[in-house]
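Take a look at the structure below.
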């Protein structure tokens, strides 16, 4: 093997690694999802509007209690940027601006299903919603908050 072919092989490995790390196609490609609500008459217990942080983010986050008592986080009219390793966190904070807020504690609800559209995330049984009062669209790879919503109690009967 010549020095030149070794150089090309090394460059290819570096480029492939950089592509995997940054996933640049996600900056221009959207992943749309349209999940229906799990129950049409579920009781909404918490609600918040998304605000932007590292990336433009909009939509509504609601925590819904289903008939069996389980809880689901639902995004409606949701839109943000896509990125590598984006997760949905319930955060032990009044709101989420940066990594210091996430460091207070979080529950990972899983990977972002799509950067556009309505979607549902199951909240683990026993999650204390008096402690976890905000939701973050968190890029785990780069440690940045794309956007967040502070969750407030919804008066029953509204």
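The values are calculated or read from the model by the stated rules, or taken from the named source; none is laboratory data. Everything numeric in this text was worked out from a predicted model, so none of it was measured. All Cβ positions, even for glycine, are placed from backbone atoms using ideal geometry, and neighbour counts span all protein chains on display.
When you check residue 54 against the structure, is it in contact with a strand residue (DSSP E or B) (Cβ under 8 Å, 6 or more places away or on another chain), part of a loop (DSSP other than H, G, I, E, B) and surrounded by 14 or more Cβ atoms within 10 Å (Cβ to Cβ), yes or no? Here the answer is yes, as residue 54 does meet what is asked. Identify the single condition in (1) surrounded by fewer than 15 Cβ atoms within 10 Å (Cβ to Cβ); (2) at pLDDT 85 or above that residue 25 does not satisfy, given that it satisfies every other one. That leaves (2) as the condition not met.
Among the residues of the range 64-85, the ones that are surrounded by 17 or more Cβ atoms within 10 Å (Cβ to Cβ) and either at pLDDT 95 or above or over 14 Å from the mean Cα position of the chain (by Cα) (or both) come to 10 in all. Looking only at the range 124-154, residues that are in contact with a strand residue (DSSP E or B) (Cβ under 7 Å, 6 or more places away or on another chain), modelled with pLDDT of 95 or more and surrounded by fewer than 19 Cβ atoms within 10 Å (Cβ to Cβ) come to 6 in all.
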